[in-house]
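Here's the structure we're looking at; comments come further down.
The values are calculated or read from the model by the stated rules, or taken from the named source; none is laboratory data. None of the values given here were measured: they were computed from a predicted structure. Here the Cβ is made from the backbone with ideal geometry for all residues, glycine too, and neighbour counts use every protein chain on show. Just the protein is used for accessible areas: all its heavy atoms, side chains included, with ligands, DNA and RNA removed. Shrake-Rupley method; radii C 1.70, N 1.55, O 1.52, S 1.80 Å.
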Amino acid sequence: MRSYLLLLAIGLLWGSQFIFMHQAVAELPPILVAAGRALCGSLTLGLLCLFMRLKSEHTPWRTYMLIALLDATIPFIMVAWGQQYVDSAIAAVVMGCIPFVTILAAPLFISGERITKAGLLSVIIGFAGVLTLFWPKLAQGMNAGLLGAVAILFGASCFAIGLLMIKRFAKDHPVVVARNILVSSAAQLLLVAPFMVDLSSLTMPSSQALSAITVLGTLCTGLVYFLYMALIQKAGPTFASFSNYLVPLFGVMLGALFLGEQIHSTTGVALALILGSVAMNQWAQQRRMQREVSLCQAS
């Protein structure tokens with residue numbers, strides 16, 4: 001029961017990030033929203049590491065800086081920038097493409113990984129879902145809405161590749177890994193921000209925008225990383241990966257509930273196709289693992 005509650009909490013927190021992002025970018029430049037999010041998230045996980053007495057032992061900071069660029073810095077900027085032009089429902093469904101991108105990129109980063117026939121079919125279905133989602137905007141030409149959606153997709157792709165790099169290179173405790181990634185990302189964003197934004201021309205944002213950034217960093221970034229690592233330890237990575245089904249679902253529902261966003265028919269179809277592609281790939285992986293276990297037991 002506890003595992004299912006953790007799974008729902010992760011899906012709800014990650015799905016709600018698009019609402020708070022929508023509120024934050026209405027008043028602040030995307031790079032400052034991204035920097036605030038990374039800073040609050042790193043402080044949250046830093047406190048957790050102090051409480052749990054966890055320290056970095058194995059992975060060099062140069063590796064963390066590279067992983068952070070893909071896993072946090074670029075996605076945070078792209079999602080914040082893209083949400084200036086698309087609603088939360090679209091952003092949530094596009095971010096649901098993360099497992100779909102992981103399927104394609106895994107053979108490049110992890111030895112022994114390969115795309116099977118079922119995996120290839122799931123990729124085709126997932127691509128059809130992305131195409132369905134973008135089709136209304138593609139029909140209108142290259143407008144800001146389409147560019148915003150493409151920016152979020154690019155951020156999701158970088159995040160997926162960053163996750164694969166974590167599996168290959170990061171050797172510390174999972175919570176330490178998450179903290180170090182967010183610390184590295186915050187440093188990158190804070191260093192670049194003055195060159196991309198005229199800080200002297202900014203006005204003080206409202207308490208609503210500041211609260212949105214705080215919630216984004218502490219709950220939708222820091223706490224959710226901790227819960228995700230706890231779920232992996234309790235129920236395994238396969239069960240934890242089911243949160244990818246819940247994030248776009250919660251994102252679409254919460255956007256409609258709190259922001260009054262309309263759920264178009266194409267969004268629903270795209271969501272079904274993308275989730276179906278991930279479910280098919282998960283099913284194929286589980287069957288392959290069962291066959292391997294059966295062969296080992298037989299030998």
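Laid out as a table, the results:
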read-out	value
Over the range 54-163, relative contact order from alpha-carbon pairs under 8 Å, at least 6 apart, %	51
Average Cα contact separation per residue, the chain, under 8 Å, 6 or more apart, as relative contact order %	42
Net charge contributed by nearby residues that have their C-beta within less than 12 Å of Gly46 (K/R +1, D/E -1)	+2
Average accessible surface area per residue within the range 71-146, 1.4 Å rolling probe, Å²	43
With all protein chains modelled, accessible area of Tyr85 [1.4 Å, Å²]	100
In order through the range 78-93: 3J(HN,Hα) via Karplus (6.51 cos²θ - 1.76 cosθ + 1.60), integer Hz, x for Gly, Pro	5, 5, 5, 5, x, 6, 6, 10, 10, 7, 5, 5, 4, 4, 5, 5
Calculated from backbone phi, Karplus (6.51, -1.76, 1.60) coupling profile of the range 185-199 in Hz, x at Gly/Pro	5, 4, 4, 4, 5, 5, 6, 7, 3, x, 8, 10, 9, 7, 5
Net charge of neighbours whose Cβ lies under 13 Å from the Cβ of Ile110, counting Lys and Arg as +1 and Asp and Glu as -1	+2
Candidate residues Met65, Met21: accessible-area rank, largest first, probe 1.4 Å	Met65, Met21
Highest-MSF residue in the chain out of Ile77, Ile115, Ile19 [GNM, Cα springs under 10 Å]	Ile115
Calculated P(r) of the chain - Cα pairs past 34 Å, %	19
Exposure of Ser294 as accessible area (Å², to 10), given a probe of 1.4 Å and all protein chains	70
Carbon and sulfur %, accessible surface of the chain computed with the full protein complex present, 1.4 Å	68
Neighbourhood net charge (15 Å Cβ-Cβ; Lys/Arg +1, Asp/Glu -1) for Arg179	+1
For Thr59, residues with placed amide H under 5 Å, excluding near neighbours	Lys171, Asp172
Shape of the range 169-299, Cα gyration tensor, a/c cut at 1.5	oblate
Pairs of lysine residues in the chain - Cα separation under 28 Å, sequence separation of 8 or more or cross-chain	6
